[in-house]
Amino acid sequence: ENAQLFERARELAVVEERQRVARDLHDSVTQSLYGLTLFADGAARLLAIGQQDKAAGYLDQLRQTAREALSQMRLLVFELRPPELELVGLAAALEARLDSVEGRAGFRTSFTQDGDVQAAPQVEEALYRIAQEALNNALKHSRASLVQVDLRRRGSALCLTITDDGVGFDVDAVRRAGGFGLRSMQERSARLGGRLRLESAALGGTRLTVEVPA
């Protein structure tokens with residue numbers, strides 16, 4: 001009976017996640033297309049009156065918006081069809097995420113692992129979700145060029161570290177505001193008896209480390 005309840009809860013979580021991604025996809029596409037239309041219309045009007053320099057600025061913004069929209073679309077499509085942790089394991093799932101999303105968005109990526117990094121399904125699921133949240137933040141906010149993920153065995157614990165070389169932020173302010181999904185990551189870690197540490201500084205990049213018994 002407990003196994004059936006666990007499986008039912010997992011199925012509901014999958015459905016809820018897909019519904020969230022579908023909503024995000026709709027909102028993202030709508031906002032991106034609206035922005036592209038505005039910049040394209042603005043450039044066309046400026047070109048029509050001979051203001052090529054100003055039009056070029058609009059075209060630059062159009063190009064940047066298109067790149068951001070493509071990056072967001074790749075992320076959402078990946079989230080609709082994520083790798084199955086039970087089949088591929090945590091390490092392979094993290095590598096697939098970096099290759100399919102960050103790598104194709106133009107980031108330099110690095111994945112390293114050390115030791116036996118296999119763990120119970122609930123541990124792998126929690127670590128993957130924490131990594132997903134951290135990587136999403138880097139993709140959307142960090143303006144980084146490099147993202148590194150390290151997964152290693154430390155005695156009876158698994159340690160996951162995610163580092164980027166982006167613009168950084170005020171950790172205390174984010175913690176007070178509950179932003180960047182920090183509360184969710186902390187709760188996932190705490191449920192497993194783990195510890196989560198977030199370090200960041202303006203222009204100094206960001207490092208998230210989570211260690212859980214496994």
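Values in this text are rule-based calculations from the coordinates and carry no lab data. Note that the structure is predicted; figures quoted are calculated from it, not measured. So basically every Cβ, Gly included, is an ideal-geometry build from the backbone, and we count neighbours across all protein chains shown.
Details
- Being aromatic (Phe, Trp, Tyr) and within 16 Å of residue 210 (Cβ to Cβ) is a condition met by no residue of region 78-86.
- Residues of region 81-125 that are more than 19 Å from the chain's Cα centre (by Cα) and of a type outside the set (A, V, I, L, M, F, W, C): 86, 113, 114, 115, 116, 118, 121, 122.
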